[in-house]
Amino acid sequence: MRVGVMIGPERGDAAKKVDRMMADIVWAEEAGLDTAWVPQIPTDFDALITVALMGTKTSRIEIGTAVVPLQAQHPIALARQALSAHAATGGRLALGVGPSHHWIIEDMLGLPYEKPAKLTRDYLEVLNAAQQAPGEVNVVNSTYNVHNPLDLGPVAPLPILVAALGPVMLDIAGTHTDGTILWMADERAVGDHVVPKITAAAEKAGRGAPRIVAGIPVCLCAPSQVEVAKERANRILAEAEVSPNYQRLLDQGNAKDVGDLCAVGDEEAIMKRFKQFEDAGVTDLSMRLLPIGDTRDELIKSKYHTREVVAGLVADIR
């Protein structure tokens, strides 16, 4: 199992965010992590531009988006942007995409959120065709009528991953892409629901074994602080639970909320949780590092101590 970290914009001044994210990606590469995953937050930085910037500061680590909403732009526009970022990183982009959620697409963007699985399938047909560039991208399906020349081709194979939570989306991911990116999936949901469905679809389509990227919060703390850490995770990250898509995925496992998903506690407890996800079939673990403390100084100290410990755990996994 490869292990990576989520790096993304958080609250604060825009100029300072750039410096912070660049420092974070440099740390991730120097710490020996395999991957870094940049979320596309509706109100903040563009993930693919961030990936391209991170590529200028690194030379080895794979940098992925988790995930770019499909409805916000035409597939040719996304293909062009992704191929540009892929070139800027020297072929180290993993393009994570997905149909997002109704509260982003409908409520924020004012776009229809109808038949997201169908849209995803048709969209991926265009994205996959663009991977054959340079040349003409010709795709006609029920959503798109594309006849667009592209002079820009992939500098290396470009993995495409889909945020697939339900059976139909997992079938699409296995059939048309290199794997899936998950959030709000515990070990049971991964092992009993995600892996069997996406693997069967990939095998039927004659594709290789799919990547299963699972995002989980990680909080290093004393055993006596575990419940406090879970409550903090629920307070900071609980907005995901309002989505019906995530609720259905939670129903496939034992976790009831994001706090239950945490790898939380001392080093032994965190490593044990990592192994449980690996045993369930996760190929790539994406850590959302969650410091703990009552003051700013305590949070900063927790952040850097957690970094040091998880870097050691990654080395032990190998």
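The values are calculated or read from the model by the stated rules, or taken from the named source; none is laboratory data. Every value quoted in this text rests on a predicted model; they were computed, and no experiment measured them. With ideal geometry, Cβ positions are generated from the backbone for all residues, glycine too; neighbour counts draw on all protein chains shown. Areas reflect the complete protein model, heavy atoms only, side chains present, ligands, DNA and RNA absent. Shrake-Rupley method; radii C 1.70, N 1.55, O 1.52, S 1.80 Å.
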Being closer than 23 Å to L237 by Cα, without any contact (Cβ under 8 Å) to a residue 12 or more places away in the chain and not charged (D, E, K, R) is the requirement here; does T43 meet it? yes
Got a number for residues in segment 222-249 being open to solvent by less than 10 Å² (accessible area, probe 1.4 Å) and in contact (Cβ under 8 Å) with a residue 60 or more places away in the chain? 3
Those residues of segment 18-51 which are under 22 Å from P69 (Cα atoms) and either open to solvent by 50 Å² or more (accessible area, probe 1.4 Å) or assigned to a loop (DSSP other than H, G, I, E, B) (or both), in sequence order: P39, Q40, I41, P42, T43, D44, F45, D46, I49
All but one of (1) open to solvent by less than 40 Å² (accessible area, probe 1.4 Å); (2) of a type outside the set (S, T, N, Q); (3) within 22 Å of the chain's Cα centre (by Cα); (4) over 21 Å from E187 (Cβ atoms) hold for V213; which doesn't? (4)
Name the single residue, out of those in segment 202-221 being in contact with a His (Cβ under 9 Å, 6 or more places away or on another chain) and free of Cβ contacts under 8 Å to residues at least 40 places away in the same chain, that is nearest to T65 (Cα to Cα). R207
Name the residues in segment 1-10 that are open to solvent by 50 Å² or more (accessible area, probe 1.4 Å) and either closer than 19 Å to I104 by Cα or part of a helix (DSSP H, G or I) (or both), would you? E10
Go through T35, T58, T43 for me and flag whichever is polar (S, T, N, Q) and closer than 24 Å to A209 by Cβ. T35
